[in-house]
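Contents: one structure, followed by commentary.
The values are calculated or read from the model by the stated rules, or taken from the named source; none is laboratory data. Computed from a predicted model, the values in this text were never measured in an experiment. Here Cβ is always computed from backbone atoms with ideal geometry, including for glycine, and neighbour counts include all displayed protein chains. Please note that ligands, DNA and RNA were not included when accessible areas were found on the heavy atoms of the full protein model with its side chains. Shrake-Rupley method; radii C 1.70, N 1.55, O 1.52, S 1.80 Å.
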Amino acid sequence: MREPLPEWPMFGMADDVRPALSQAQQRNLPVALATLTSVEGGGPRPPGTQMAFAQGIVSGYFSGGCVESDVADHAFACLEDGAPRRLVYGAGSPWPDIQLLCGARIEIFVERVPPDDPALLELLAAHQARRPVVWVSDGTRRQCAAAPTGWDGAVVQAYEPTPRLVVFGADPTALAIAQLGAQAGMETTLVRPKGPQSPPPIAGIAYRRDAPAQALAAIGTDAWTAIAIATHNLDLDREALAAALPSDAGYVGLLGARKRLPERLAPLRAAGFSEARLQQLHAPIGLDIGGKAPWEVALSVIGEITALRHARLAEEPRKATPKRETA
């Protein structure tokens, strides 16, 4: 008999199941991976949303209602017998007593993944190396690679590197941006050149004291990296911009008044930075929500980074769908 789900669903705060998959693999536990493959009529979560279940482990959520508990029953049954399942809730469901309040119809695919499965090991290795990969599975046969070959009836799920956030600064606004970024699931590093030896008392963030160029070189940047420059120091802002703009970071934002932007960018133009790259700078940083308190600025910054990420994903959909065999 499975353990009941916790009364407070903190497990649903995590949107990425890969840490849970890694935890199960390290404990040599099989995991039931549940993937939302279809949503009709609207719903709280999009196709591709996942949950993971193992002994003592649960991560993710689909509806916030009674669906999770029933999915957990099927997931632990799947762990017992190894047979994949396709679950339907809403119209056409064999469980009419389980209704989604939004009136949607959803389909969920559940599969048992052993801890030594090659596809799982590749998924976790890619996660550590920040490589995007695609998972293809019908519950008995699965692949994980940059461009796997699919087959009829298989579910396809794309995985991107975890969003990364680098914050330059030391004041309450920079601390709020870093803390909110970490709480939002970003791999977050606060950089305070020549700062104190002890890190800030914020859970879940890394801390560096070196110069901007050295810090970014050590952290690493890629298309999934966002850089927020919030130092309130003109020289340090310019140094951080000079290191951030040529990097591979997908987002670079600068805190400060719009009227002071020309003097901040003038040395970069003189140094030969292209106008096209300067135009990609988000300055003033963040969405315009009207507030200037530290948490309000942090909300606007994380909101802008998140909005741009979802806009990109909308252009390149990541739906988990059954894949047809190609000729």
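Assorted remarks:
- Long-range neighbours under 8 Å by Cβ, at least six apart or interchain, first residue within 18 Å of GLN280 (Cα to Cα) and assigned to a helix (DSSP H, G or I) within the range 298-324, second charged (D, E, K, R) and at pLDDT 85 or above: SER300/ASP288
- Residue count for the range 273-297 satisfying the condition of being more than 25 Å from the chain's Cα centre (by Cα) and assigned to a loop (DSSP other than H, G, I, E, B): 6.
For (1) closer than 15 Å to LEU165 by Cβ; (2) modelled with pLDDT under 95; (3) in contact with a Lys or Arg (Cβ under 8 Å, 6 or more places away or on another chain), each residue gets a yes or a no:
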site: ILE202; (1), (2), (3): yes, no, no
site: THR225; (1), (2), (3): yes, no, yes
site: ALA244; (1), (2), (3): yes, no, no
site: LEU265; (1), (2), (3): no, yes, no
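To keep it simple, each residue is scored yes or no on (1) open to solvent by 10 Å² or more (accessible area, probe 1.4 Å); (2) not in a loop (DSSP other than H, G, I, E, B).
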site: ALA24; (1), (2): no, yes
site: SER38; (1), (2): yes, yes
site: GLY42; (1), (2): yes, no
site: SER63; (1), (2): yes, no
site: VAL71; (1), (2): no, yes
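- Filtered residues of the range 221-233 (kept if of a type in the set (A, V, I, L, M, F, W, C) and open to solvent by less than 50 Å² (accessible area, probe 1.4 Å)): ALA226, ILE227, ALA228, ILE229, ALA230
- For the condition open to solvent by less than 50 Å² (accessible area, probe 1.4 Å) and either among the basic types (Lys, Arg) or assigned to a loop (DSSP other than H, G, I, E, B) (or both), ALA249 qualifies.
- Test set (1) surrounded by fewer than 19 Cβ atoms within 10 Å (Cβ to Cβ); (2) not in a helix (DSSP H, G or I) - LEU165 fails condition number: (1)
- From GLN143, GLN157, GLN183, residue being open to solvent by 40 Å² or more (accessible area, probe 1.4 Å), touching a strand residue (DSSP E or B) at 6+ places or on another chain (Cβ under 7 Å) and either under 11 Å from ILE205 (Cα atoms) or not aliphatic (A, V, I, L, M) (or both): GLN143
- Flag if ASP152 is in contact with a Lys or Arg (Cβ under 9 Å, 6 or more places away or on another chain), open to solvent by 40 Å² or more (accessible area, probe 1.4 Å) and in a loop (DSSP other than H, G, I, E, B): yes
- PRO6 being more than 20 Å from the chain's Cα centre (by Cα) and open to solvent by 50 Å² or more (accessible area, probe 1.4 Å): yes
- The range 114-142, residues that are under 22 Å from the mean Cα position of the chain (by Cα) and outside any helix (DSSP H, G or I): ARG130, ARG131, PRO132, VAL133, VAL134, TRP135, VAL136, SER137
- The residues in the range 186-217 that are open to solvent by 60 Å² or more (accessible area, probe 1.4 Å) and not in a loop (DSSP other than H, G, I, E, B) can be counted, and the count is 4.
- Filter result for the condition that a residue is closer than 30 Å to PRO114 by Cβ and either modelled with pLDDT of 95 or more or among the basic types (Lys, Arg) (or both), over PRO148, PRO196, PRO161, PRO172: PRO161
- Some residue of the range 225-236 being assigned to a helix (DSSP H, G or I), within 17 Å of ILE285 (Cα to Cα) and in contact (Cβ under 8 Å) with a residue 40 or more places away in the chain: yes
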